[in-house]
Amino acid sequence: MSEHSDSEYVFGRHQPASHVIIHVSDPHFLAGGARLGGRYDVETTFARTLEAIRAVHPHPDAILVTGDLADLGERDAYRRLRAAVEPVADELGTVVVWVAGNHDERPALRAELLGGEPTQEPVTGVWDLDGLRLIALDTSVPGWHHGDLDEAQLAWLSEVLEEPAPHGTLLAMHHPPLPSHLPLFDILELRHQDELAEVIRGSDVRGILAGHLHYSSHGTFAGVPVSVSSATCYTMNVARPAADVNGMDAAQAFEIVHVRPDTITHTVVPVTDAPTGDFFSERWLAKMAALSPDERLEAFSRKR
């Protein structure tokens, strides 16, 4: 890992990000380290994910995991996930935000990841990340796979949003308030989206981070950008016809979220061991930094 952060060099018009969040989704851990569906080695892939997280930023403001933490809601699965993530978070000096998904079971999640009472209460929370507010919602419905937000949770969210945060607010949830081009996901979509839109419209919410789909997707909801992170366990092979899409053991990824005063970017980070070229390096960046803006354009922009 470089001794520098990814924002030390500023060559363009935008200032460095004020906050960086690692957005991970859908690890689907199983008790005893079992393979998901007898096929997907989710723990090995997640270990590669954690190695990539170490590399992309030396001190993110949070590691956010947007649901389906465990595939069957087993207590040992949550213990294994916590044992994998917390040492990396400690090493990077950051916090972990756990979000409940439709495959999760609230009592076991609460007991093993949050150290709380094993109740069916929604798993929600608010984090102040140096002025950036991160709110975790719980769209899971006990006993079901579709998503929902009841009146109590929407009322709570409305109350929290009454006072704006210095850098605005990000919402984290499992079920995205977006349509999918894959028909099967619409069966499991988030309910009461109109009511959620009424709560966040006109508030300081700057973005919504979600999972559930097992492929990367982006859109807007109530005027707010929505970013869906792909899964770390397996992904949907969207190169097939929409009615025939199935999972594949490839294209696993997470996202690195850069928050700036004027914009938020979501970069898909592939979890892969593919060979990488060595065209650009810390040494190359330092060389560019020593040049004037006009010299940099001449060295890098002019076509040869």
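Here is how the numbers come out for the structure above:
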| quantity | calculated |
| --- | --- |
| Among the candidates Ala108, Ala100, residue that is at pLDDT 95 or above, among the small types (Gly, Ala, Ser), crowded, with 17+ Cβ neighbours inside 10 Å and farther than 30 Å from Ala243 by Cα | Ala108 |
| The listed residue being touching a helix residue (DSSP H, G or I) at 6+ places or on another chain (Cβ under 8 Å) and among the aliphatic types (A, V, I, L, M), out of Ala70, Ala62, Ala83 | Ala70 |
| Of the criteria (1) more than 26 Å from Pro27 (Cβ to Cβ); (2) surrounded by 12 or more Cβ atoms within 10 Å (Cβ to Cβ); (3) of a type in the set (Phe, Trp, Tyr), which one Tyr215 fails | (1) |
| Only listed residue being surrounded by fewer than 18 Cβ atoms within 10 Å (Cβ to Cβ), of a type in the set (A, V, I, L, M, F, W, C) and either touching a strand residue (DSSP E or B) at 6+ places or on another chain (Cβ under 9 Å) or farther than 23 Å from His28 by Cα (or both), chosen from Val245, Val268 | Val268 |
| Selection count, region 52-86, where residues are assigned to a helix (DSSP H, G or I) and hydroxyl-bearing (Ser, Thr, Tyr) | 1 |
| Val85 vs. criteria closer than 15 Å to Pro60 by Cβ, crowded, with 18+ Cβ neighbours inside 10 Å, in contact (Cβ under 8 Å) with a residue 60 or more places away in the chain and of a type outside the set (Asp, Glu) | no |
| Filter result (touching a Ser or Thr at 6+ places or on another chain (Cβ under 7 Å) and either among the small types (Gly, Ala, Ser) or without any contact (Cβ under 8 Å) to a residue 12 or more places away in the chain (or both)) within region 248-295 | Ala250, Ala251, Ala253 |
| Every residue from region 62-77 that is buried (at least 24 other Cβ atoms within 10 Å of the Cβ) and without any contact (Cβ under 8 Å) to a residue 60 or more places away in the chain | Val65, Leu69, Ala70, Ala77 |
| Set Gly32, Gly38: member being surrounded by fewer than 18 Cβ atoms within 10 Å (Cβ to Cβ), assigned to a helix (DSSP H, G or I) and either touching a helix residue (DSSP H, G or I) at 6+ places or on another chain (Cβ under 9 Å) or small (Gly, Ala, Ser) (or both) | Gly32 |
| Selection within region 246-261 - within 25 Å of Ile208 (Cα to Cα) and out of contact with any Pro (no Cβ under 6 Å at 6 or more places or on another chain) | Gly247, Ala251, Gln252, Phe254, Glu255, Ile256, Val257, His258, Val259, Arg260, Pro261 |
| From the options Gly12, Gly73, residue that is at pLDDT 95 or above and either touching a Leu at 6+ places or on another chain (Cβ under 6 Å) or more than 19 Å from Ala253 (Cβ to Cβ) (or both) | Gly73 |
| Near pairs, Cβ below 6 angstrom, 6+ apart or cross-chain, from region 184-213 (over 25 Å from Ile22 (Cα atoms)) to any residue that is surrounded by fewer than 17 Cβ atoms within 10 Å (Cβ to Cβ) and among the hydroxyl-bearing types (Ser, Thr, Tyr) | Val199/Ser158 |
| Strands (runs of 3 or more DSSP E) contained in region 117-206 and holding at least 3 residues at pLDDT 95 or above and buried (at least 17 other Cβ atoms within 10 Å of the Cβ) | 132-136, 169-172 |
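The values are calculated or read from the model by the stated rules, or taken from the named source; none is laboratory data. These numbers come from a predicted model, not from an experiment. For neighbour counting, all protein chains shown are included, and Cβ atoms are generated from backbone atoms with ideal geometry for every residue, glycine included.
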